[in-house]
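Report on the structure given below.
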Amino acid sequence: MANVRVISDSSCDLPEELVRRLDIEIVSLSIRFGDEEFTDRVDLTPAEFWAKCKASKTLPATAAPSPGSFQGAYESALASGCDGVIVLTLSAALSATHQAAVIASEAVAGKIAVRVVDSQAASMALGLLVLDVAEMAQTGASLEELVEHAEALISKVGVIAMLDTLEHLVKGGRVGGARALIGQVLAIKPLIELRNGVVAEAGRQRTRAKALAAITAVVRTHAPLRRMAVVHGDSNELKALEALVADIPTEFALIVADMGPTVGTHGGPGIIGVAWLET
């Protein structure tokens with residue numbers, strides 16, 4: 001049986017209990033509020049992040065991990081007796097995180113086998129992919145089997161979310177195909193999705209209730225599901241969305257996750273959505 005360490009980055013938004021139970025290593029991005037810098041999931045929790053967002057006059061900014069951060073994670077896996085490492089990163093089109101992971105893999109070449117996979121996803125779309133691969137890793141699957149499984153899942157994961165504001169997304173430079181929404185934000189509740197690894201417009205609704213219904217309708221088109229998660233950034237609509245998706249058939253129980261600083265920086269307060277993994 002192989003012993004492969006699964007590594008991801010802090011954009012995956014996986015609840016800490018799952019990270020610990022499945023021995024997933026998280027390499028954190030950095031979050032800056034003006035001159036203050038924090039490490040996601042280390043010295044800044046989602047609750048603390050959203051409180052800072054409300055109190056700060058400065059929009060937060062993110063920075064990718066250094067190659068050294070990934071190298072440290074690889075060397076830790078080697079020291080603990082792992083045969084190899086699979087790294088599942090947020091979309092390379094959104095961050096230099098993937099590049100940092102690849103550079104670090106070259107630094108440990110010949111010491112431990114490392115395979116870096118661009119998930120083309122973020123938040124719990126990435127999280128569900130990581131979760132599925134980590135559970136497979138615990139069965140003793142080989143590195144190549146895990147890479148093959150991960151690559152097969154990329155086209156099966158998705159996420160759609162409602163924004164309360166476009167301010168964070170626009171100023172963060174991650175607006176991509178959603179740029180057409182700018183200037184109309186006062187009249188709508190915009191929906192966004194990840195399409196081919198970049199942020200794209202997924203619809204426009206006049207009210208929160210209609211936006212949540214539209215999100216649910218999209219998710220239903222992908223059912224039956226293997227996994228599903230509701231993810232939010234300090235949203236008041238959590239219970240409403242949970243109720244709407246409760247009857248969507250899914251192999252595993254619904255996961256409710258807090259959106260952390262890495263993705264929340266760009267989504268802004270009040271963001272809420274659903275991620276899924278198709279069967």
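Go over the candidates Asp247, Asp258 one by one and state the one that is under 25 Å from Val42 (Cα atoms) and of a type in the set (Asp, Glu).
Asp258
In the range 71-98, how many are in contact (Cβ under 8 Å) with a residue 24 or more places away in the chain, farther than 21 Å from Met124 by Cα and either touching a Pro at 6+ places or on another chain (Cβ under 6 Å) or part of a helix (DSSP H, G or I) (or both)?
Number satisfying all stated conditions: 7.
For the subset of the range 141-168 comprising residues that are crowded, with 18+ Cβ neighbours inside 10 Å and more than 26 Å from Val87 (Cα to Cα), which member is modelled with the lowest pLDDT?
His168
Checking Val185 against (1) under 20 Å from Asn236 (Cα atoms); (2) touching a strand residue (DSSP E or B) at 6+ places or on another chain (Cβ under 6 Å); (3) at pLDDT below 55, only one condition comes out false. Which one?
(2)
The values are calculated or read from the model by the stated rules, or taken from the named source; none is laboratory data. All of these numbers come straight from a predicted model, not from anything done at the bench. Glycine also receives a Cβ, built like all others from the backbone with ideal geometry; neighbour counts cover every protein chain displayed.
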